[in-house]
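Since every read-out is calculated from the coordinates, none of them should be taken as a lab result. Values in this document were obtained by computation on a predicted structure and should not be read as measured data. No Cβ is skipped: glycine too gets one built from the backbone with ideal geometry, and neighbour counts run over all protein chains shown.
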Amino acid sequence: MANNKFQFPADIADGAFPLVARLLICGIFAQGALGKIMGWQGQAQYMASRGMQPTTIPALLGIALVIEAVGVLCLVVGWQARVAAFIMFLYLGAVSVMLHNFWTLTGMSAGVMQTQFMKNVAIMGGLLMISAYGAGRWSVDGKSSG
């Protein structure tokens, strides 16, 4: 019996697709890092408006900036991508619960926050896939593994 299972060529499936996926996921984190660099005070005000303690906000923003910036660099080049993606997965989970807690809101605000929360959950799925399967052939990690 013939195998009719469709498969992409290896260069696409193992090289191009993981690279494009990493770049697409990085877009939102690069935007977040730039938002913190260019608008630190606005980010701090948003966090305060979501009930975070003003004394912890600068440290949390600093940690977030490092995770986003270093994570983007690691994912773009594909170096230590599994570890970077997993750290970003955990970070995004915490951010989602702390800043997009739609279950505490009502009306239109709840719907907007629920959308933001679910968007983050979807991104977390992509990060978990990178954690599980790596950065692919077209990456520093892929080059070093042969």
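Determine the dipole magnitude for the chain: charges of +1 sit on the beta-carbon of Lys and Arg, -1 on that of Asp and Glu, nothing else is charged, the reference point is the Cα centre, and the result goes in debye to the nearest 20.
Numbers: 8 positive and 4 negative charges, 13 e Å.
My answer is approximately 60 debye.
Hey, if you put +1 on the Cβ of every Lys and Arg and -1 on every Asp and Glu Cβ in the stretch 1-126, which of Gly32, Leu90, Ser109 ends up farthest toward the positive end of that dipole?
Farthest towards the positive end: Ser109.
Going from the alpha-carbon gyration tensor of the stretch 63-145, what semi-axes, largest first and in whole Å, does one get by taking the root of 5 times each eigenvalue?
On the way: eigenvalues 181, 29, 14 Å².
Its equivalent ellipsoid spans semi-axes of 30, 12, 8 Å.
Helix check for the chain. Which DSSP H runs span at least 15 Å along their own axis by Cα, with a mean Kyte-Doolittle hydropathy no less than -1.0? Walk me through the numbers before you get to the answer.
Details: long enough: 17-38 (32 Å, 1.53); 57-77 (30 Å, 2.64); 81-99 (26 Å, 2.01); 107-133 (40 Å, 0.86).
Span-like helices, by this rule, are 17-38, 57-77, 81-99, 107-133.
Among Phe17, Phe89, Phe29, Phe8, which comes first, then next, by fewest other beta-carbon atoms within 10 Å? Could the numbers behind the result be given before it?
Numbers: Phe17 15, Phe89 19, Phe29 22, Phe8 10.
Fewest to most other Cβ atoms nearby, the residues stand as Phe8, Phe17, Phe89, Phe29.
Which of the trypsin sites (Lys or Arg not before Pro) across the stretch 1-50 are loop residues per DSSP, with 15 or fewer other Cβ within 10 Å?
Working: sites: Lys5, Arg22, Lys36, Arg50; in loops: Lys5, Arg50.
For trypsin sites (Lys or Arg not before Pro) across the stretch 1-50 that sit outside H, G, I, E and B with at most 15 neighbouring Cβ atoms in 10 Å, the list reads Lys5, Arg50.
Mind sorting out which of (1) 1.50; (2) 1.23; (3) 2.42 is the real Cα Rg over 2.2 N^0.38 Å computed from the coordinates?
The value computed from this structure is option (2).
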